[in-house]
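See structure below.
The values are calculated or read from the model by the stated rules, or taken from the named source; none is laboratory data. The structure presented is a predicted model; accordingly, all values stated were derived computationally and were not measured. Please note: Cβ atoms are built from the backbone with ideal geometry, for glycine as well, and neighbour counts cover all protein chains shown.
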Amino acid sequence: MQNDPVTLECWYGYSAQRRVLVGFAPADLLRSISFADVLDEDTRRGYQRRCNLQHSLDFRRYIQKPNSCTIPLTFNLRPSADGVWRVVEVSERRVRLEIARHAPPALAQVDCQHRLGHLNDVTLELPFMCFVGLTEHEEMEVFNVINSKARGLSTSLLDFHDAQLSQDLASDRPELFIALLLNNDARSPWHRQLDLGGNSGMSRRASLRTMQKAIKRFLTQSKILTSQSTEAASLVVLEFWAAVVMAMPMEWTNPRKHVLTKGIGVYALMDIAADLYREAGPRATCDRHHFAAALADFCTDFDWSTIGPLKGLGGEGGVKIAVETIREVRRKGRFKVIANG
């Protein structure tokens, strides 16, 4: 009947401490009653990576070959107050999962997004395991455990997960706390400009992982956290980047032709920020005006373009060369001021 529920015959048991259902079903059916909760960076809902089309198509081709197989697809039945699904006891260890036929997909794809992505017309039987009643937060924790070492999974997405799961991010990972503040605070030039690893309708300039690693360099070299809180340090970093925009507006507004927002530029500028903070001393007001004045003394003498002296630099060695190059230009600029004075 059209209104009869979709039914899946299952066995139930436990995966360590969590109750799960285990069963088998056609791939196209599992695809039709499930969904991937991909992170929407603009609304901050969801937690999974954006779909890799090639990965998904590769699996589609593979699974239809002779002697193909796969480990069980992993789902979760999130708590539902509207009766979209129910588990009916049949006999010892046997249950029947019933899902409303015309309701939105009920199974959250915890670990099968790419395998199911392009199997909407494939009827092969596949094994599945389904958690029962995990909240979105608990589901994210499970996803993180399964995928934290997965090849190709965005490290920025894992950082975002850590932020959502942490009880005290400012203390646990101050560099990540500050990077997220740069992305979330409307006063920041990086507002909604960091790639978190999910879907977004906006073009991103740098990844969350790049920014938080660069900030970690700043925290280590400036030693700012020995005298200030993470929250105070985050405002210093925000003010520095605001100063970068003030001092180099053309370079900032043309990111494709300049390195300010590319990995090498972000790392190098955070090292320069540490220099400026240390030189100012603990009693100085390190706001955007202070930083902009310091940057203006030398930044116009440096070629920040993608064909300039930082072209092709990468990795730890490349960052070291970039910082030394910028510092040398700054030293020459200071000697020029002294000589002219």
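Could you pull out every one of the helices (runs of 4 or more DSSP H) wholly within region 175-273 that has 2 or more residues that are assigned by TED's automatic domain parsing to the domain that holds TRP304 and in contact with a Phe, Trp or Tyr (Cβ under 7 Å, 6 or more places away or on another chain)?
Ranges flagged: 208-222, 230-247.
Could you grab the pairs with beta carbons closer than 7 Å, sequence gap of 6+ or different chains, first residue in region 117-145 and of a type in the set (S, T, N, Q), second one surrounded by fewer than 16 Cβ atoms within 10 Å (Cβ to Cβ) and assigned to a strand (DSSP E or B)?
THR123/PRO26
Please pick out the residue among PHE75, PHE59 that is crowded, with 18+ Cβ neighbours inside 10 Å, closer than 22 Å to THR135 by Cα and in contact with a helix residue (DSSP H, G or I) (Cβ under 9 Å, 6 or more places away or on another chain).
PHE75
If GLU41 satisfies all but one of (1) among the acidic types (Asp, Glu); (2) modelled with pLDDT of 95 or more; (3) farther than 18 Å from THR123 by Cβ, what's the number of the condition it fails?
Every condition holds for GLU41 apart from (2).
Taking the condition farther than 20 Å from PRO249 by Cα, in a helix (DSSP H, G or I) and of a type in the set (Val, Ile, Thr), does VAL323 pass?
So VAL323 fits the description; yes.
Among the numbered criteria (1) farther than 29 Å from SER15 by Cβ; (2) at pLDDT below 90, which one does ASP172 miss?
Single failed check for ASP172: (1).
From the set of residues in region 102-133 that are buried (at least 19 other Cβ atoms within 10 Å of the Cβ) and charged (D, E, K, R), which is modelled with the highest pLDDT?
Top of the filtered list is ARG115.
Give the residue, chosen from GLY318, GLY308, GLY312, that is in a helix (DSSP H, G or I), assigned by TED's automatic domain parsing to the domain that holds LEU182 and either within 31 Å of the chain's Cα centre (by Cα) or farther than 22 Å from LEU194 by Cβ (or both).
Of the residues listed, the single one that is in a helix (DSSP H, G or I), assigned by TED's automatic domain parsing to the domain that holds LEU182 and either within 31 Å of the chain's Cα centre (by Cα) or farther than 22 Å from LEU194 by Cβ (or both) is GLY318.
I'd like to check something: does region 251-268 contain any residue that is surrounded by 13 or more Cβ atoms within 10 Å (Cβ to Cβ), within 28 Å of the chain's Cα centre (by Cα) and over 19 Å from LEU194 (Cα atoms)?
no
Would you call ARG217 in contact with a Ser or Thr (Cβ under 8 Å, 6 or more places away or on another chain), within 30 Å of ASP168 (Cα to Cα) and basic (Lys, Arg)?
Taking the combined requirement at face value, the residue does not satisfy it.
Here's the yes/no breakdown for (1) surrounded by fewer than 21 Cβ atoms within 10 Å (Cβ to Cβ); (2) not charged (D, E, K, R):
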| position | (1), (2) |
| --- | --- |
| VAL6 | yes, yes |
| CYS10 | no, yes |
| GLN17 | yes, yes |
| ALA25 | yes, yes |
| ASP28 | yes, no |
| ASP42 | yes, no |
| ARG45 | yes, no |
| ASN52 | yes, yes |
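Determine whether ALA280 is without any contact (Cβ under 8 Å) to a residue 40 or more places away in the chain, of a type in the set (A, V, I, L, M) and at negative phi.
Here the answer is yes, as ALA280 does meet what is asked.
Would you tally the residues in region 283-325 being crowded, with 17+ Cβ neighbours inside 10 Å, under 13 Å from ALA247 (Cβ atoms) and not charged (D, E, K, R)?
Qualifying residue count for the region: 9.
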